[in-house]
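S.K.: First the structure, which I've put down as structure tokens, then a few questions once you've had a look.
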Amino acid sequence: MPLDAAVPQAPFQGIGNKSQQMAQRRDGSKKDSGELYGTRGRTEAHEVGHTGELVAGSLLGLDVDEEVYADGDSGYDHQIGDYTIDTKATGTDYPRPRLVVSTDVPAADWFLLVHLRIQEGIGRVIGFTDRETVLKQSAERFPGDKLNHVIDWEQLYPPRYFSSLVMAQGVTMDLYDEWIDPGGCQKCGALLNDDCERVVHIDERSLETDLSLCPECADLISAAAQKGYATEFTFYQRP
């Protein structure tokens, strides 16, 4: 998404200008110094963080918390029902950034990674993972000398699964107190087994995508298959 795009939280000023203002407010309210990585100043770091929240909120349909907390927030940036989500943003030049979470792991249930390609003026959601995966990851000294949990690019779920693995679970848990299995249909979350699973391969603007679907959701993609954009029975292994 373009970093100068207008979003619901910044309908007239764009993401970049909104984040600059929020960064100044956040920096001025903090009581402690916090931890900085890289060469960015403190206000710049706040700007990167809030820009990432706005990008994630806009692309994934999440509310963004606009409050400023002197003692820091509650450990998450977004909420779906009782589910909480923490967005980690980076402005690194490295094309395949890693998700870095402090060993003092925030209270969030899920963690999102947003990459800001500042020179190009765009932001992108790289992927996400759950709290359990973060906690299981051995700590390493990256990107500085401090120990962090570091999740590699290939360990993250791609953002196209956010709707079924995170949003659908949050809504379902909130309404029915039931859990949608993360090994379920990647469109509706229904449980799958060897007899009902249908794997669809899609070439989407030259970005190849595999979806593991229940029969009902697979039927919804039949129109794409008829036009040559999808081929069934390509196997996919989720992380």
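The values are calculated or read from the model by the stated rules, or taken from the named source; none is laboratory data. Computed from a predicted structure; not experimentally measured. Cβ: placed from backbone, ideal geometry, glycine included. Neighbour counts: every protein chain shown. All accessible areas refer to the heavy atoms of the entire protein, side chains included, with ligands and DNA or RNA removed. Shrake-Rupley method; radii C 1.70, N 1.55, O 1.52, S 1.80 Å.
S.K.: Got a sec? What order do Asp130, Asp77 fall in by accessible area at 1.4 Å, biggest, i.e. largest, first?
M.R.: Details: Asp130 40, Asp77 15 Å².
Highest to lowest solvent-accessible surface, that is Asp130, Asp77.
S.K.: Using label points projected 7 Å from each Cα along Cα→Cβ, tell me how many nm separate Ala139 and Ser163, to one decimal.
M.R.: Result for the modelled spin labels: 3.9 nm.
S.K.: Given Cβ point charges of +1 (Lys, Arg) and -1 (Asp, Glu) and nothing else, what value in debye, to the nearest 20, does the dipole of the range 106-152 about its Cα centre take?
M.R.: With only Lys, Arg, Asp and Glu charged at Cβ, the dipole is about 100 debye.
S.K.: To the nearest 10 square angstrom, what accessible area does Asp63 show with a 1.4 Å probe?
M.R.: Here the residue's solvent-accessible area equals roughly 120 Å².
S.K.: Which of rounded, prolate, oblate describes the range 48-141, given a ≥ b ≥ c as roots of the alpha-carbon gyration tensor eigenvalues and a/c under 1.5 marking rounded, otherwise prolate only if a/b is larger than b/c?
M.R.: oblate
S.K.: Suppose R0 equals 22 Å; then what is the FRET efficiency for Asp152 and Ile118 from their Cβ-Cβ distance, rounded to the nearest 0.05?
M.R.: E(calc), rounded to 0.05, equals 0.45.
S.K.: Given the Cα-Cα distance of Asp65 and Thr103 and 0.36 nm per residue of separation, how much length would full extension add, in nm?
M.R.: 11.3 nm
S.K.: A follow-up question, please. Would you work out the charge dipole size for the range 66-116 about its Cα centre, treating the Cβ of every Lys and Arg as +1 and the Cβ of every Asp and Glu as -1, and quote it to the nearest 20 debye?
M.R.: In debye, rounded to 20, the range 66-116 gives about 420.
S.K.: Here is a further query. Label the range 46-97 by shape, choosing from rounded, prolate and oblate, from the square roots a ≥ b ≥ c of the eigenvalues of the Cα gyration tensor; if a/c is under 1.5 it is rounded, and otherwise prolate applies when a/b is larger than b/c, oblate when it is not.
M.R.: Cα axes put the range 46-97 in the oblate bin.
S.K.: Keeping all protein chains in the complex and leaving out DNA, RNA and ligands, what accessible area do you get for Glu44 with a 1.4 Å probe, in Å² to the nearest 10?
M.R.: Number for this one is 90 Å².
S.K.: Amide H of Leu192: which non-local residues (sequence gap of 5 or more, or other chain) have their own amide H closer than 5 Å, using H built in the peptide plane?
M.R.: It is Cys185, by chain and number.
S.K.: So, one more: Quick one: which residues, 5+ away or cross-chain, put their amide H under 5 Å from the amide H of Gly127? H built at 1.01 Å from N.
M.R.: Excluding prolines and chain starts, which carry no amide H, the hits are Leu113.
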